[in-house]
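Notes follow once the structure below has been shown.
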Amino acid sequence: MPASSARPVIAVLCERATDRPPGLDDLPVDFRYCAADGLGAAVRGAQALMLWDFFSTAVRDVWADAGSLEWIHVTAAGVDTLLFDELRDSPVVVTNAHGVFDRPIAEYVLGAVIAHAKDSRRSFDLQGSHEWRHRETRSIHGAKALVVGTGAIGRATARLLRAAGLEVRATGRVPRAEDDDFGEIVASSNLAAEIGWADHVVLAAPLTNATRGLVDADVLAAMRPGSHLVNVARGPIVDETALLAALGSGRIAATLDVFDREPLPADHPLWAAPNVTITAHMSGDVIGWRDTLAAQFAANVRRWLAGEPLLNIVDKKLGYIPTGDR
């Protein structure tokens, strides 16, 4: 919080200047709302910045104008599109939307697991062709799920999958034999050797230098035939060319909510790939999620104004809040 008695200034980057977060009007702050083309002017003299347009990379372009910033808040769990070397090396504090998306994404994953086990995609196709075809499907009880990523979203997912009767294991930076949520945590660096255990592989890790391209051709080849990949993390964690080959071979299936390029281009081969379900980066976006994001930020603004420690501070070197490995 600035030492001056003047009202502090917070710039708010929106996809459109008229698309403003709700519920902030009562805060004793001067807000400067802008789109990307106005961000440079908005951050000059501002003490804080809220990224309501949470996938924007515009901060890097206006960094020379942002010398007064002490705090940036991203209304997303991942901060990979924000971070760059100058910001990492600066004293600017970065916070994120930790906690908002945990349960919704866990529910999405459980739904994807059930839909795969119950062959829902084929049922929809048969319904479309008015074809009655009786089949047997799989039970999820006793199935094995490997959660890649031990942060809050991975933990919420593991708890829900366990409650539904699945056996769960995780991969993380720090292996551990016993964990309340994951049972066992094995090393992410050994993913190819561990992934064949699983019927369902859930990607819930942040995008960092260590996870970019983590699921490559070797890892995909090591997956159990008939197994199911669910990506609710970031697209670049998966080698999409290798994934297309694996899907085309019929060895695995996938539910994908995130992609290298978003929106996924209409001519992208993933649309026509076999055994794949595609959603539009919506796994955490339940009704009311924007109100929740705005309320979370408002609560942190009140802490900032009162000189209290901010919540959800990101380790800028790691690229996430390091809670999962403790």
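Every number here is computed from the coordinates shown, using simple stated rules; none is lab data. Computed from a prediction, not measured in an experiment: that's the story for all the values here. Note: ideal-geometry Cβ built from the backbone for every residue, glycine included; neighbour counts use all protein chains shown.
For the chain, the longest principal axis of the alpha carbon atoms and the long axis of helix 289-305 meet at an angle near 40°. Summing Lys and Arg as +1 and Asp and Glu as -1 over all other residues whose Cβ lies under 14 Å from the Cβ of G45 gives a net charge of 0. Distance between the modelled labels on D19 and A280, one decimal in nanometres: 1.1 nm (7 Å Cα→Cβ projection). Note on the chain: with charges restricted to the Cβ of Lys and Arg (+1) and Asp and Glu (-1), its dipole about the Cα centre is near 500 debye. Here the residues S129, S90, ranked from fewest to most Cβ neighbours within 10 Å of their Cβ, fall in the order S129, S90. Each DSSP beta bridge with both residues in the range 102-278 is either parallel or antiparallel, and the antiparallel ones are about 10%. A value for P(r) over Cα pairs in 20 Å bins from 0, in percent was derived from the coordinates, and within the list (1) 33, 57, 10; (2) 30, 52, 17, 1; (3) 28, 58, 14, 0 it appears as (2).
Return one number: the angle in degrees, 0 to 90 and rounded to the nearest 10, between the long axis of the Cα atoms of helix 152-163 and the longest principal axis of the Cα atoms of the chain. Rounded to the nearest ten degrees, it is 30. Dipole size of the range 171-283 about its Cα centre, with +1 on Lys/Arg Cβ and -1 on Asp/Glu Cβ: approximately 220 debye, rounded to the nearest 20.
Residues with beta-carbon under 15 Å from that of I195, excluding I195: net charge, scoring Lys, Arg +1 and Asp, Glu -1? Once all neighbours under 15 Å are counted, the net charge is -3. With an a/c value of 1.5 or above and a/b not larger than b/c for the gyration tensor axes a ≥ b ≥ c computed over the alpha-carbon atoms, the range 102-278 is described as oblate. Projecting the Cα atoms of V92, H134, V258 onto the dipole axis of the chain, where Lys and Arg carry +1 and Asp and Glu carry -1 at the beta carbon, places H134 farthest toward the positive end. Among G151, L244, W271, whose Cα projects farthest towards the positive end of the dipole of the chain, with charges put on the beta-carbon of Lys, Arg (+1) and Asp, Glu (-1)? Looking along the dipole axis, the top candidate is G151. Could you pull out the longest piece of the chain with no exposed loop GluC sites (Glu not before Pro) in it, calling a site exposed if DSSP puts it outside H, G, I, E, B and it has at most 14 other Cβ atoms within 10 Å? Result for the longest clean stretch: 137-326.
Just add up the charged neighbours of A115: K/R +1, D/E -1, any other residue whose Cβ is under 11 Å from the Cβ of A115.
Working: positive: K118, R121, R122; negative: D119.
Here the count lands on +2.
The alpha-carbon of K118 sits under 24 angstrom from the alpha-carbons of these lysines, leaving out residues fewer than 8 places away in its chain: K144. The fewest-to-most ranking of H130, H281, H73, H98 by surrounding Cβ atoms within 10 Å reads H130, H281, H98, H73.
Give the order of S189, S283 when sorted by the count of other beta carbons within 10 angstrom, beginning with the fewest. Show your work: numbers first, answer last.
Details: S189 12, S283 25.
So the residues, fewest neighbours to most, are S189, S283.
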